[in-house]
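Engineer: One structure, as structure tokens, below. Some questions next.
The values are calculated or read from the model by the stated rules, or taken from the named source; none is laboratory data. Keep in mind that this is a model prediction, so the values were computed, not measured. Because the Cβ atoms are built from the backbone with ideal geometry, glycine has one as well, and the counts that use them run over all protein chains shown. SASA here: full protein model, heavy atoms, side chains in, ligands and nucleic acids out. Shrake-Rupley method; radii C 1.70, N 1.55, O 1.52, S 1.80 Å.
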Amino acid sequence: MSGFVNNLERINELAENSAGFVWRLKEDNNNATSIKVFEDDYMLINMSVWESIESLYQFVYQSAHVDYLKRRKEWFEKMTDMYTALWWIPENHTITPAEAIDRLMHIRLQGETPFAFSFKKQFTATEAIKGKY
């Protein structure tokens with residue numbers, strides 16, 4: 001885990017300095033690794049808000065972050081269930097871990113919809129506003 005832990009601050013700083021970054025979940029230790037939202041103590045939560053899907057995609061797959069993404073097998077077990085959820089939020093809305101879990105469970109149980117989706121099957125903010133789930 002040292003490769004993950006030793007670079008967490010660097011990657012969080014990269015995110016915060018990336019175009020389109022708005023906010024990320026963190027505690028006094030400047031990360032979210034100690035926030036427990038799952039029964040499994042080995043499960044971590046990572047949440048952030050971005051101005052657009054494109055800016056998030058740029059950070060995740062086209063910045064130095066991708067080097068660590070490629071190494072995740074070194075630090076984490078392979079997830080069999082969906083573990084990422086994207087969704088549109090109103091301006092000035094602060095998301096919560098409970099909201100993230102709700103969106104993630106929606107994808108796991110109902111598939112991707114404008115309520116919660118992934119990079120592979122994206123929906124627009126307009127579709128999210130029109131939908132009633």
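Engineer: Report the relative contact order of the range 10-133, percent, no decimals, based on alpha-carbon pairs under 8 angstrom and at least 6 residues apart.
Structural biologist: Over the range 10-133, the number comes to 18 percent.
Engineer: Further question: Please turn the phi angles of the range 41-55 into ³J(HN,Hα) values with the Karplus equation 6.51 cos²θ - 1.76 cosθ + 1.60 (θ = phi - 60°), one per residue in order, whole Hz, x for glycine and proline.
Structural biologist: For the range 41-55, the Karplus-derived couplings read 5, 8, 8, 10, 10, 9, 10, 8, 10, 10, 5, 7, 5, 4, 5 Hz, x marking Gly and Pro.
Engineer: Give me the 1.4 Å probe accessible area per residue for the chain, excluding ligands and nucleic acids, in Å².
Structural biologist: Here the residues of the chain average 70 Å² of exposed surface.
Engineer: Another one. Just to check, using Stokes-Einstein with a Kirkwood Rh over alpha carbon pairs, what's the diffusion coefficient of the range 23-82 at 20 °C and 1.002 mPa s in µm²/s?
Structural biologist: Taking Rh from Cα pairs, D becomes 160 µm²/s.
Engineer: For the chain, which whole-number percentage of the solvent-accessible area (1.4 Å probe, protein heavy atoms only) is attributable to carbon and sulfur atoms?
Structural biologist: 50 percent
Engineer: Based on the mean of other beta carbon atoms within 10 Å per residue, what is the order of 104-113, 39-48, most packed first?
Structural biologist: 104-113, 39-48
Engineer: Separate question: What is the sum of charges, Lys and Arg at +1 and Asp and Glu at -1, for the other residues whose Cβ falls under 14 Å from the Cβ of S63?
Structural biologist: Neighbour charge sum, excluding S63 itself: -2.
Engineer: Now for a different question. Round to the nearest 10 and give me the degree value, 0 to 90, for the angle of helix 2-16's Cα axis relative to the longest principal axis of the chain.
Structural biologist: In the chain, helix 2-16 runs at an angle near 50 degrees to the longest axis.
Engineer: On to the next question. State the percent of C-alpha pairs, over all pairs in the range 1-128, separated by a distance greater than 24 angstrom.
Structural biologist: For the range 1-128, the fraction of Cα-Cα distances above 24 Å is 28 percent.
Engineer: For the pairs K73/K130; K26/K78; K78/K121, note any where the Cα-Cα span goes beyond 28 Å.
Structural biologist: K73/K130
Engineer: Each residue of the range 81-96 in order: what ³J(HN,Hα) in whole Hz does its phi give by Karplus 6.51 cos²θ - 1.76 cosθ + 1.60, θ = phi - 60°, with x for Gly and Pro?
Structural biologist: Couplings: 9, 4, 10, 10, 9, 10, 7, 8, 10, x, 4, 6, 7, 9, 6, 10 Hz.
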